[in-house]
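Novice: There's a structure below that I have some questions on.
The values are calculated or read from the model by the stated rules, or taken from the named source; none is laboratory data. What you see is a predicted model, and the numbers here were worked out from it, not measured in a lab. Cβ sites come from the backbone with ideal geometry, for glycine too, and all protein chains shown count toward neighbours.
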Amino acid sequence: MQPIIQAVSLVAAQAALLLAISPFLVGLIRKVKARFQCRRGASVFQPYADLAKLFRKQPVISTTTSWIFPATPYILFASTLTAGLLVPTFSSQTPMNFAGNIIALVYLLALGTFFLILAGLDAGSAFGGMGSSREAIVASLTEPAMILSIFAIALTAGSTNLSTIVHKTALLEDIVTDPSPHLMALAALFIVALAETGRVPVDNPATHLELTMIHEAMALEYSGRYLALVEWAAGLKLAVFLSLIANVFAPWGIATTQAPAAMGIGLVAYLLKIAGLAVLIGTLECMFAKLRLFRVTDLLGVAFILALLGMLFFYILRS
Amino acid sequence: MLASSDGMLILLLLLLASYAAGVVLPFCAPRKPQTQGLVGSVCACLASSIGIALGTSGLLASEPLTPSVASSIPLLAFAVRLDPLASFFVLTISLAGLAASIYAMGYLKEFHGRVSVASLAALTNGFLLSMTLVVIADNGFFFLIAWELMSLVSYFLVVTEHEKADVRYAGFFYLVMTHVGTAFVVLTYLILFQSAGSFSFEAFRHPEQSLPEGMRTLVFLAALIGFGTKAGIVPLHVWLPYAHPAAPSHISALMSGVMIKTAIYALIRVYFDFLGGQFPWWWGFVVLLVGVTSALLGVMYALMEHDLKRLLAFHSVENIGIILLGIGAGMIFQTYGLKEFAALGLLAGLYHTINHALFKALLFMGAGSLFYATHTRNMEEYGGLLRRMPWTGLFFLIGAVSISALPPTNGFVSEWLVFQTLFLSVQLPALFLKLMLPIAAAILALTGVLALACFAKAFGISFLALPRSSHARHAEEVPIAMRIGMGVLAVLCVGLGLAPMIVVPLLDRITGPLTGVSISDKVLALDGWALAPVNVQFSSVSPPILAAMLILGGLLGLFLAFLFGGRLRSRSYKTWGCGINLSSRTEYTATGFVQPIKRVFSTIYQPTVKLETEFLEESRYFAKRQRFEFHIEPVFEKYLYDPVVNVFVGIADRLRILQAGSLHLYLAYIFVTLVILLLFAV
C-alpha cells in the first residue's frame, strides 16, 4: 500500500506543480518581452489574476454550437495535464512513467488539438475555421519532426520512455560520447516546441489580427470559465514542452532518488531551468518577426532535417 | 466456451447453414420488401453471431479443426482449417457482419421499390459467406473458388444501383481490377502447386521439392500484386474510391472493413505459413515501402475528397498501409532472426486489422446514415447535423477519434504498437534498415496527423456549425436499427482500446505458431495493465490508466471551474459575424479547410485551379460573377493506367478486322482452326 500512496502523492504533486507554474511561465515571457520593448509590463503574476477573473465571469455560448464546444475545454485541459504527468519535472522517477512513452505524449496532445480544431469550426464564424485549418497544417508538419528528434535521443538512452531517458542521462554522463546528435535533436525539438505552443515565429499569442492568428482564432469564441481552461491548457502545454527540453537535454540537478534533500534540489534546479527557457523564448520573440504561414513549412522542414541528421550522426559515430 | 472440436464442427455447419438460408429465404418470403430484407438480415445476424462464437473458440482451441469433404473434381477438396489465423479473420468478418446486418434492417428501407431487396439481402449473405470461406479454405483450388465468388458477389453488390452510369463504371472498373489481381493470385498458387504436387495447403507448407530461389521471389511478387490489388495498395488502389462509394453503405462497410482484409490474411498465409517465414531482407523492405507509400498517399488523397464515402475509401488505402508497415517490419526482423520483434510486428499489424475493420465499418455506416438523412454524399451540403442526429454524430465522432489513433481508442493502441516495432530497428545489424525504419515511423507520424486533420474536417464540416443546405436543415435521426448497428461498433472501438490485455494474448496465439515464439508475457507488463513491447525499460503505455487520467483530468477541470467560478449559468447568444448575420455562406468550407495542406503538398497533388471572373461592364473593379474550379491530378490513372488501357484499346481496334460481321468469314475461321488442329494431331 505504501508505494501506491507515495506514487499517487507524487503524481498529485506534479500535477499541482505544473498547474501552478504554467501561468507564471506565460507571465514571465510577457514580462521579458515588455522589458525588451522598453515597457514596464504587467506583473509576472498577472496571468493568475486573469484566470481568476475569467473563472468568475459569465460565459457566453454561441447559439450555433453543439455540445462539442463546451466539452472541448475540459478535454483539452485533461489531455494536456495527462501529457504533463508523463514528463519528468523535478524528479527523474515519474510514477506515471509506465503509463505512456513519447508516442503516447504526442498523441495525447493531438487529442486536445483535434477537439480544439472541432471547437474552432463549431461556432460557425470564418475566424474559427481559419484557425482550425491553419492549426491542422502546422500540427501535421511538426509531429514528424518531433517523433524523429525524440527518437534520436531515445537511441542514446535505449528507451522511449521519458523518465527512463532522463534518469539514464542524469545518472550516466558517460553515455554521451559525442554531443552532436543531442545538439541537433535539441535544435529540432526547440523549433517543434515553438510551433506546438503557438509562439513566434509560427504563431503570435499576442495578436487578434485575423491574418496572423492560429491558436487565438480557434479559441476566439470562448469566454468565461471555458476561456480560462483553454488558456490554462495552453500554459500547461508550454510547461510540458519546456520541462521536456530542460530535462531531456540538461538533466542537471534533477532528483534521481526519493530523498527529500534531492527532491528539494531537483525542484529548485527545475524551476531555474524552465524559467531560463521562458526568458529565452521571450527574447527570441522580440528578435524575430512572425513568419508567413507558408514559410513556416521551411522552418519545420529544417527541424525535420536536423532531427534526421541527429539520428544519422548517432549511427555513424557509433559504428 | 465450446472448445471441443465437435462443438466447433457443429458451429461451423450452423454457420454455413444460416448463411445458406440467408441466401435462399429472402426469395421465398412474401413479396414485401420489408419482410424480404428482414429475413435476410436476421439470417445474417444469426450466422455472424455463430461466426463470433466459432472464431473465438477457434482462437482458444489447442488444435485446429480440419474437416474435409472430398469432391469428384480432381485436385479440389472442400477442406477447411480453423487454425488461430483463420479463426481470427472469421471473428473479424463476423463482428463487422453482425453490426452491418443489424444496420441493414433499417438501412434497406432506402432501397424499397427501387431495387430488388430480396436479391440485395441474399447477396449480402452470400458475400459474408464467401469471405468466411476464403479465410477458412485449406485447399488452393477451393480458396480460388471462394475468392472468385467473393469478387463476383461484391461486384453485383457494387452495381446495386445500376441505373446510374457512374455506378456501372465503378462496377466495371472494379471487375477488371479484381480480375487482374486474381490472375496473379492464380499464378501464385500454380507455382506453389508445381512444387507441392497438390493443391492442399498442407502440401504447400511441406512441398515434395522445395522451390528454387527465383520461384520463391516470383511467388512473393505475384502474391503482393495479386492480393495487393484486393487490399488496395498504391498504385493498385485506384478501384477503391470508385467501387466502395458506389455500393450500398452497409456493403461499403463490409468491403472496406473486411473484404480488403482477406488479402492481408492471404499475404500472411503465403509469406509466413507457406514460405515458412524464410525470406531475404528486401522482401520485408518492399512490403514496408508499399505500406509507407499507401499510408501517406492514401491519407493525402483522402484529405482532398469532399465526397464522404470516397474520403473513407481513400482512408482504407491508408490503413492497409499501416497494417503492411507492421507486417513489413515484422518480415525484416524475421529475416534477421529477431523472432520476438517479428512477432510484435505481425501482432501490431493484426491488431490494426481488427481495429480498422471496426472503425471503418462504423464510419461507413455513419456516412450511410448521413446519406439516409440528407440524400447527398457531398460534405459541403451537410453541417450542423450533430444537433439533428445526436447519436449518429456521437458514433461517427468515436470512429473519427479511433481512426485518428487518438487515446483512449483502439486505433491508438495498434498504431502505438506499429511505432514501437519500427523503433526496435535499433537492434538490426544493417545500417540502411536502421535508418529506414525510423523514417518510416516519421512518415507514419505525418500520416497520423494528416488523418487527424482529415477527420477533423469530415466531422467538423458535416456535424458542426450551421446547416449548409436545405437537405441538412431537414435531416432527422436515423431509425433505431441503424443506430444499434453503429453503437455496437463504437463500443467495440473503445473496448478494444481499453483492453489490450485481452486482445494481445489472443493475437499471440496467431503470431506464436507463425514466428515460433510467444511474446504475450513480454508485451504485457504489470499484470496486463501496461503494454511494454519486449522490454518495460524501452517503452510502455497503459491505455486504461491513460483513460482514467483523462477522466480524472476532466473532472479536475470541472472542479476548478466550480471552485473558482461558482455556479454560473452560461448565456446563449449568436456568434459575432463582424456585423453581418451568420449564415452557411460565412462558414469555413471543407475546400477552404484543406487549402493550406493542398498548397504545402502541391508537388503531390498537382492541383489545377481555375478562377473565372465576369466583370461589370462599367468597371473592372466590380465582379458580376465568379466561377471557381479546382481539380487534383489523378496521377496514377493518368500516367499509369491510361497508357495501358490505350494500348489494349489500340490492339482491340486492330483485331476488330477479324470480326467483320460476315458469316462466311466466321465459317472460314472455324475451318482453318480445325485444319490447324488436325495438323497438330498428326
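Novice: Regarding segment B:584-592, can at least one residue be identified that is over 30 Å from A:Arg295 (Cα atoms) and either surrounded by 15 or more Cβ atoms within 10 Å (Cβ to Cβ) or more than 7 Å from chain A (Cβ to nearest Cβ) (or both)?
Specialist: Looking for residues that are over 30 Å from A:Arg295 (Cα atoms) and either surrounded by 15 or more Cβ atoms within 10 Å (Cβ to Cβ) or more than 7 Å from chain A (Cβ to nearest Cβ) (or both), one finds at least one in segment B:584-592, hence yes.
Novice: Could you tell me which of the residues B:Phe395, B:Phe423, B:Phe412, B:Phe419 is in a helix (DSSP H, G or I), modelled with pLDDT of 95 or more and at the interface with chain A (Cβ under 7 Å from one of its Cβ atoms)?
Specialist: Sole residue among the options that is in a helix (DSSP H, G or I), modelled with pLDDT of 95 or more and at the interface with chain A (Cβ under 7 Å from one of its Cβ atoms): B:Phe412.
Novice: Could you check, for segment B:64-82, whether at least one of its residues is touching a Lys or Arg at 6+ places or on another chain (Cβ under 8 Å), modelled with pLDDT under 95 and within 18 Å of B:Ala47 (Cβ to Cβ)?
Specialist: yes
Novice: Right, next: Take A:Phe313 and decide whether it is under 29 Å from A:Thr164 (Cβ atoms), hydrophobic (A, V, I, L, M, F, W, C) and touching a Ser or Thr at 6+ places or on another chain (Cβ under 6 Å).
Specialist: yes
Novice: Of the numbered conditions (1) surrounded by 10 or more Cβ atoms within 10 Å (Cβ to Cβ); (2) more than 30 Å from B:Ala451 (Cα to Cα); (3) over 37 Å from the mean Cα position of the chain (by Cα); (4) not basic (Lys, Arg), B:Asn646 satisfies every one except a single condition; which is it?
Specialist: In the conditions (1) surrounded by 10 or more Cβ atoms within 10 Å (Cβ to Cβ); (2) more than 30 Å from B:Ala451 (Cα to Cα); (3) over 37 Å from the mean Cα position of the chain (by Cα); (4) not basic (Lys, Arg), B:Asn646 misses (3) alone.
Novice: Between a first residue in segment A:297-316 that is more than 8 Å from every other protein chain (Cβ to nearest Cβ) and a second residue that is of a type in the set (Asp, Glu), which pairs have beta carbons less than 8 Å apart while being 6 or more apart in sequence or on different chains?
Specialist: Within 8 Å, the pairs are A:Phe313/A:Asp178.
Novice: Would you say A:Gly129 is facing another protein chain (nearest Cβ under 7 Å), buried (at least 24 other Cβ atoms within 10 Å of the Cβ), assigned to a helix (DSSP H, G or I) and at pLDDT below 95?
Specialist: Here the answer is yes, as A:Gly129 does meet what is asked.
Novice: Same structure, new question: Sort through A:Arg30, A:Arg40 and tell me the only one that's among the basic types (Lys, Arg) and more than 17 Å from the chain's Cα centre (by Cα).
Specialist: From the options A:Arg30, A:Arg40, the qualifying one is A:Arg40.
Novice: Here are some residues: B:Ala329, B:Ala373, B:Ala357, B:Ala342. Which one is more than 19 Å from B:Trp416 (Cβ to Cβ) and either in a helix (DSSP H, G or I) or modelled with pLDDT of 95 or more (or both)?
Specialist: Among B:Ala329, B:Ala373, B:Ala357, B:Ala342, only B:Ala373 is more than 19 Å from B:Trp416 (Cβ to Cβ) and either in a helix (DSSP H, G or I) or modelled with pLDDT of 95 or more (or both).
Matching residues to (1) closer than 30 Å to A:Ala123 by Cβ; (2) at pLDDT below 95; (3) part of a helix (DSSP H, G or I):
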residue: A:Ala7; (1), (2), (3): no, yes, yes
residue: A:Ala20; (1), (2), (3): no, no, yes
residue: A:Pro23; (1), (2), (3): yes, no, yes
residue: A:Leu28; (1), (2), (3): no, no, yes
residue: A:Arg39; (1), (2), (3): no, yes, no
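Matching residues to (1) within 30 Å of B:Ser539 (Cα to Cα); (2) polar (S, T, N, Q); (3) touching a strand residue (DSSP E or B) at 6+ places or on another chain (Cβ under 6 Å):
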position: B:Trp391; (1), (2), (3): no, no, no
position: B:Leu394; (1), (2), (3): no, no, no
position: B:Ser404; (1), (2), (3): yes, yes, no
position: B:Phe412; (1), (2), (3): yes, no, no
position: B:Ile443; (1), (2), (3): yes, no, no
position: B:Ala453; (1), (2), (3): yes, no, no
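Novice: Separate question: Just wondering, is there one or more residues in segment B:544-560 that are out of contact with any helix residue (DSSP H, G or I) (no Cβ under 9 Å at 6 or more places or on another chain), exposed (fewer than 15 other Cβ atoms within 10 Å of the Cβ) and either at the interface with chain A (Cβ under 7 Å from one of its Cβ atoms) or over 29 Å from B:Phe419 (Cβ atoms) (or both)?
Specialist: yes
Novice: Taking A:Thr156, is it in a helix (DSSP H, G or I), touching a residue at least 24 places away in the same chain (Cβ under 8 Å) and out of contact with any Pro (no Cβ under 9 Å at 6 or more places or on another chain)?
Specialist: No; evaluated as a whole, the condition is false for this residue.
Novice: Return the residues of segment A:46-72 that are more than 7 Å from chain B (Cβ to nearest Cβ), more than 16 Å from A:Ser125 (Cβ to Cβ) and of a type outside the set (S, T, N, Q); say none if nothing qualifies.
Specialist: Scanning segment A:46-72 gives A:Pro47, A:Tyr48, A:Ala49, A:Asp50, A:Leu51, A:Lys53, A:Leu54, A:Lys57, A:Trp67, A:Pro70, A:Ala71.
Novice: While we're on this one: Quick one: which of B:Leu75, B:Leu144 is among the aliphatic types (A, V, I, L, M), within 27 Å of B:Gly197 (Cα to Cα) and assigned to a loop (DSSP other than H, G, I, E, B)?
Specialist: On inspection, the qualifying residue turns out to be B:Leu75.
Novice: Tell me which of these B:Phe432 doesn't satisfy, since it passes every other one: (1) within 30 Å of B:Ala342 (Cβ to Cβ); (2) assigned to a helix (DSSP H, G or I); (3) touching a helix residue (DSSP H, G or I) at 6+ places or on another chain (Cβ under 8 Å); (4) among the hydrophobic types (A, V, I, L, M, F, W, C).
Specialist: (3)
Novice: Next question. Among the residues of segment A:235-271, what is the count of those that are within 14 Å of chain B (Cβ to nearest Cβ), more than 18 Å from A:Ser92 (Cβ to Cβ) and of a type outside the set (Lys, Arg)?
Specialist: So the answer is 2.
Novice: Against the conditions (1) outside any loop (DSSP other than H, G, I, E, B); (2) in contact (Cβ under 8 Å) with a residue 24 or more places away in the chain; (3) surrounded by fewer than 21 Cβ atoms within 10 Å (Cβ to Cβ); (4) of a type outside the set (S, T, N, Q), where does B:Gly113 fall short? Just the number, please.
Specialist: Against the list (1) outside any loop (DSSP other than H, G, I, E, B); (2) in contact (Cβ under 8 Å) with a residue 24 or more places away in the chain; (3) surrounded by fewer than 21 Cβ atoms within 10 Å (Cβ to Cβ); (4) of a type outside the set (S, T, N, Q), B:Gly113 comes up short only on (1).
Novice: Sticking with this structure for a sec: Quick one: how many residues across segment A:73-102 are at the interface with chain B (Cβ under 10 Å from one of its Cβ atoms) and modelled with pLDDT of 90 or more?
Specialist: To start, the set of residues in segment A:73-102 that are at the interface with chain B (Cβ under 10 Å from one of its Cβ atoms) comprises A:73-86, A:96-102.
Adding the requirement that they be modelled with pLDDT of 90 or more leaves A:73-86.
Of the residues in that region, 14 qualify.
Novice: If you scan segment A:271-319, which residues turn out to be surrounded by 15 or more Cβ atoms within 10 Å (Cβ to Cβ), in contact with a Pro (Cβ under 9 Å, 6 or more places away or on another chain) and farther than 30 Å from B:Leu431 by Cα?
Specialist: A:Leu284, A:Glu285, A:Lys290, A:Leu291, A:Leu293, A:Val296
Novice: Condition test on B:Ile597, is it surrounded by 10 or more Cβ atoms within 10 Å (Cβ to Cβ) and either among the aliphatic types (A, V, I, L, M) or in contact with a Phe, Trp or Tyr (Cβ under 9 Å, 6 or more places away or on another chain) (or both)?
Specialist: Yes.
Novice: Here are the criteria: (1) within 18 Å of A:Gly310 (Cα to Cα); (2) touching an Asp or Glu at 6+ places or on another chain (Cβ under 9 Å). Tell me which single one B:Arg483 does not satisfy.
Specialist: (1)
Novice: On to the next question. Among the residues that make up segment B:623-630, is at least one of them closer than 30 Å to B:Asp307 by Cβ and without any contact (Cβ under 8 Å) to a residue 12 or more places away in the chain?
Specialist: Checking segment B:623-630: at least one residue is closer than 30 Å to B:Asp307 by Cβ and without any contact (Cβ under 8 Å) to a residue 12 or more places away in the chain.
Novice: Here's something else I'd like to know. Which of the residues that make up segment B:501-536 are within 18 Å of B:Leu422 (Cβ to Cβ) and either small (Gly, Ala, Ser) or within 14 Å of chain A (Cβ to nearest Cβ) (or both)?
Specialist: B:Val523, B:Leu531, B:Ala532, B:Pro533, B:Val534, B:Asn535
Novice: So which of A:Thr63, A:Thr80 ends up being free of Cβ contacts under 8 Å to residues at least 12 places away in the same chain and not small (Gly, Ala, Ser)?
Specialist: So the residue among A:Thr63, A:Thr80 that is free of Cβ contacts under 8 Å to residues at least 12 places away in the same chain and not small (Gly, Ala, Ser) is A:Thr63.
Novice: A further question on this structure: Kindly indicate whether B:Ala440 is more than 7 Å from every other protein chain (Cβ to nearest Cβ) and either in contact with a His (Cβ under 6 Å, 6 or more places away or on another chain) or part of a helix (DSSP H, G or I) (or both).
Specialist: Taking the combined requirement at face value, the residue satisfies it.
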